[in-house]
Amino acid sequence: MVADEESARTNAVLGGQVEYAHELNPTTGRAHEDSGQIEIVRLRNSAMQGFAMKTDRAPFDDKRVRQAFFLIADRQELVDGALSGAGEIGNNLFGKGYG
């Protein structure tokens, strides 16, 4: 079964149609982790979240603007909030340790 929607993948695992669902978000993982219905497996460096800047056009063609984006966001707060702490801050294109 191939499903683009996370809810469809989760429901397929919970319903016994499949044995594996990839890329569940942290909220879904937490909701089902202690239920005993599924096992959540976390693999370090298996995914990344990025912010793409087209450096060939304004405003990202200005190095100062790109540097400002590193300073604007509290990146640890983003990891803690958006990923429920299940991540690390990295500065490489494909995730920490891949660049």
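Here, each number is a calculation from the coordinates, and none is a lab measurement. For clarity, every value in this text was computed on a predicted model and none was experimentally measured. Note that each Cβ is placed from the backbone with ideal geometry, even for glycine, and that neighbours are counted across all protein chains shown.
Structure notes:
- With the simple model of a label 7 Å out from the Cα in the direction of the Cβ, A31 to Q76 spans 3.0 nm.
- The chain - mean residue ellipticity at 222 nm from DSSP helices (-39,500 (n - 2.57) per run, n ≥ 4, rounded to 500): -10000 deg cm²/dmol
- Candidate values (1) 1.02; (2) 1.08; (3) 1.12, label of the one derived for Rg/Rh (Cα atoms, Kirkwood Rh): (2)
- Which of A8, H22, Q76, positive extreme of dipole for the chain (C-beta unit charges): Q76
- Segments 14-27, 77-90, 57-70 sorted - mean Cβ within 10 Å per residue, highest first: 77-90, 14-27, 57-70
- The label-point distance for I40 and Q17, in a model that sets each label 7 Å from Cα toward Cβ, rounds to 2.3 nm.
- Cut-off 13 Å between beta-carbons: net charge of the residues surrounding D62, Lys and Arg +1, Asp and Glu -1: +3
- Gyration tensor (alpha-carbon) shape descriptor, the range 1-41, a/c threshold 1.5: oblate
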